1. Could you check the stretch A:7-96 for strands (runs of 3 or more DSSP E) lying wholly inside it with 3 or more residues that are within 16 Å of ligand 1 (Cβ to nearest atom), within 14 Å of chain B (Cβ to nearest Cβ) and among the β-branched types (Val, Ile, Thr)?
2. Where the second residue is at pLDDT below 85 and the first is facing chain A (nearest Cβ under 8 Å) and lies in the stretch B:1-22, which pairs have Cβ atoms under 9 Å and are six or more apart or on separate chains?
3. Just one of (1) acidic (Asp, Glu); (2) within 12 Å of chain B (Cβ to nearest Cβ); (3) over 18 Å from residue B:211 (Cα atoms) trips up residue A:100, so point out which.
4. I need the full set of residues from the stretch B:200-247 which are of a type outside the set (A, V, I, L, M, F, W, C), under 38 Å from the mean Cα position of the chain (by Cα) and not in a helix (DSSP H, G or I), in order please.
5. With the structure loaded, tell me whether residue A:41 is touching a residue at least 60 places away in the same chain (Cβ under 8 Å), surrounded by fewer than 24 Cβ atoms within 10 Å (Cβ to Cβ) and either among the polar types (S, T, N, Q) or not assigned by TED's automatic domain parsing to the domain that holds residue A:196 (or both) or whether it fails that test.
6. Which ones in the stretch B:310-345 are of a type in the set (A, V, I, L, M) and surrounded by fewer than 16 Cβ atoms within 10 Å (Cβ to Cβ)?
7. Counting just the residues of the stretch A:162-198 that are within 16 Å of ligand 1 (Cβ to nearest atom) and within 25 Å of residue A:73 (Cα to Cα), which one comes out modelled with the lowest pLDDT?
Amino acid sequence: MIQVQNLSKSFQNIQAVNDISFTIKKGEIFGLLGPNGAGKSTTLNMMSTILKSDAGTIHIDGKNSRENSKECKHLIGVVPQEISLYEDLSAYQNLLFWGDLYGIPSKILKERIHTTLELIGLLDRKKDLIKTYSGGMKRRINIAAALLHHPKILFMDEPTVGIDPQSRNHIFEVIETLNKQGMTIVYTTHYMEEVERLCDRIAIIDSGKIIAQGTQSQLKELVQTKESIQFEFNFLSESNVDQLRELLPYTVAQNENKLLVETTVQELSKVITTCNELQLSIKDIQLNKVNLEAIFLNLTGKQLRD
Amino acid sequence: MIFTILRKDLRLYFSDKKGILVTFLLPIIMITLFAFAFGGVGKKKSPPKPLKVLVVDKDATTASQELIAKLNSIKTIQLITSEEEKAVDLVRKGKNIAALIFEKGFSDAVAADTDLPIELKYDAARDFQMRIIHSVLKEGFKYHLGKVDVINNIKLKTTSLIKESSTKAHPGLVQAVGGTAIMMLLFSIAAIGGGLLDEKEAGTLKRLLIAPVKPLYILLAKMGTAMVVSILQLSAMFVFAWLAFGLPIFMDVFSLILLILCISFAVSSFGVFLVSTVKTRQQLQGMSTIIIILMSAIGGSMIPINMMPAFMQKIAIISVNYWGIEGFFDIFWRQLPLIAMLPKMGILLAIGLGMTLVSTVLFKKNIIAIE
Ligand SMILES: Nc1ncnc2c1ncn2[C@@H]1O[C@H](COP(=O)(O)OP(=O)(O)O)[C@@H](O)[C@H]1O
Ligand SMILES: [Mg+2]
């Protein structure tokens, strides 16, 4: 559906996007994960045809986005990172305006506005001015405005920044509904939980470069760290540790009353049985799952968020 | 497409109550102040100066010369000798009110007690002064010619050289309305143009660019919005001046409408030009205020052009204000026919076209560049 090849863009002396390539398949939710300033918005701006690249090509549904920008514009819907709405107009007036720009006949447009407002759950507030909306509601209208021309592909640039968990969940449900209806979605974020929940495939971007891409499980294989369980005991003697090490060969580290065991959740019961046999009383158990955060840390040596 | 954006811009414009106050109420207050300041309102109390009357003596006899000397001793009028052709031309151009012409055979007619061949050619637009001159001259003839027989034969033939018209507007009023309206218009137009920068900051410009809309259309729609507001604002100002101060706006309403359209076009293009030269709202704020005040000062919006020194009057032509204000004077004061005003309207249109072209180039460079 989308092929991005060797795309680069620099601003003055900042290399915002540095020779990135990726392919997005029809019907998938593709995540672009990276910290602030990684180059996500710059990439999406180029894919939206409003920013010229320095090098590289973008093909959308087989069309070169620079040569066929008008056709591409009709294929894509874009949810900008900023809330790009007229605050002094109502939600309905905003949608009417943005839909009009795509040349949708008035009658059809009004029907679409109705169904879209229904989808995002703001039908009852349509007459209110945007400036009276909460952050989460504005974000939802910001999404609705990108849907009216029924794009095949939706670009979403950090669509949940700064909103409450409830609105965020609502937006996730909308995205999943749209995806089920066959829409291809490109989703950028710096929240790894979001890509873990939503995305089929993920590209991790940092300092303008893609440092890893693939499905979630493919990415997890990239890192050496395994899932581990940390036990805390009320009391742990030297001899207890030796006994445990014998019985559980994957014990990796011990620190006072804490013990780190490298294992999967499935083997948790076995560890607990062993502890019971040794009559050790467990104070706390902590599960360290391998997640994208850990992958990012592993690949860049940095936290995804500060 | 342009129309969709234009309609949205107008809707936004009129949803802002503060903007409407600035567009309509403030100019009305300013016009009222200036109208009083320039003396366009109320009774004129300047001491009566003698009314100048051109006199052409084609008879050139002692009788005619003596009579002219005697008439000149009347305080209310001042006779200026002239050639017929020149005198007629001066009256036509509105430089003089009337020309008194003594035809050949005047002295013979006096001697023979027949009808006197005298004609008074005048500018009907100056009805009020004309009536004074007419009655003063008639009295003068009666008194100085003295003979009863002759008096019966004094039938001062009058001919109007310029089309009859109700009243001519007071120049102070034309100055107050025209000058102020254009200056205030520039401010509202700069604000409308600034909307483009607001859209850039708010991100709606980005969404406009994402949509299949030609960038040029965004600029033209903004200019269209500015034009609609200009036309409304200028019309409101003139209707106000008519209602409040009796400015005769229906005297040549067609020319007035055309002139308002030309000014609106020039001013709107000036607005988008201003905006496309800057990158942020703050830059616009500073720059537009300075440019508008300067342009209004040299262009005659604050001080009437004819009160400026000659070199200032020459500089004035670089401003939109000058051409607009002169246009209003052509209509309300000089009362020129439309054809004579076309060059000024042409200049306004040319200014508008030039600025629009420059704006389209700058707009691409400064405003729509995302980087
Ligand atoms: N218009 C611009 N001018 C200069 N630098 C920019 C501009 N836009 C983005 N950048 C720089 O490019 C880099 C990538 O920015 P961006 O794509 O916005 O990152 P992200 O969306 O991942 O947070 C950053 O260093 C940013 O400062
Ligand atoms: Mg961004």
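1. On the way: elements: A:14-24, A:29-33, A:55-60, A:76-79.
No strands (runs of 3 or more DSSP E) qualify here.
2. none
3. (3)
4. Pass one, the stretch B:200-247, residues of a type outside the set (A, V, I, L, M, F, W, C): B:200-201, B:203-204, B:206-207, B:212, B:214-215, B:217, B:222, B:224-225, B:230, B:233, B:235, B:246.
If we keep only those that are under 38 Å from the mean Cα position of the chain (by Cα) as well, we get B:215, B:217, B:222, B:224-225, B:230, B:233, B:235, B:246.
Once the filter is applied, which keeps residues that are of a type outside the set (A, V, I, L, M, F, W, C), under 38 Å from the mean Cα position of the chain (by Cα) and not in a helix (DSSP H, G or I), the stretch B:200-247 yields only B:246.
5. On the way: touching a residue at least 60 places away in the same chain (Cβ under 8 Å): yes; surrounded by fewer than 24 Cβ atoms within 10 Å (Cβ to Cβ): yes; either among the polar types (S, T, N, Q) or not assigned by TED's automatic domain parsing to the domain that holds residue A:196 (or both): yes.
It is true that residue A:41 is touching a residue at least 60 places away in the same chain (Cβ under 8 Å), surrounded by fewer than 24 Cβ atoms within 10 Å (Cβ to Cβ) and either among the polar types (S, T, N, Q) or not assigned by TED's automatic domain parsing to the domain that holds residue A:196 (or both).
6. Of the residues in the stretch B:310-345, the ones of a type in the set (A, V, I, L, M) are B:310, B:312, B:315-318, B:320, B:325, B:331, B:336, B:338-342, B:345.
Those that are of a type in the set (A, V, I, L, M) and surrounded by fewer than 16 Cβ atoms within 10 Å (Cβ to Cβ): B:310, B:312, B:315, B:317, B:318, B:338, B:339, B:340, B:342.
7. Residues of the stretch A:162-198 that are within 16 Å of ligand 1 (Cβ to nearest atom), as a first pass: A:162, A:186-192, A:194-195.
Now narrow it down to the ones that are within 25 Å of residue A:73 (Cα to Cα): A:186-189.
On the way: A:186: 96, A:187: 96, A:188: 96, A:189: 93.
By that ranking, first place goes to A:189.
Yes/no per residue for (1) surrounded by 22 or more Cβ atoms within 10 Å (Cβ to Cβ); (2) within 16 Å of ligand 2 (Cβ to nearest atom):
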| position | (1), (2) |
| --- | --- |
| A:21 | no, no |
| A:35 | no, yes |
| A:45 | yes, yes |
| A:48 | yes, yes |
| A:58 | no, no |
| A:64 | no, no |
| A:70 | no, no |
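The values are calculated or read from the model by the stated rules, or taken from the named source; none is laboratory data. All figures in this text were calculated on a predicted structure; none of them were measured in a lab. Neighbour counts run over all protein chains shown; Cβ positions are idealised from the backbone, glycine included.
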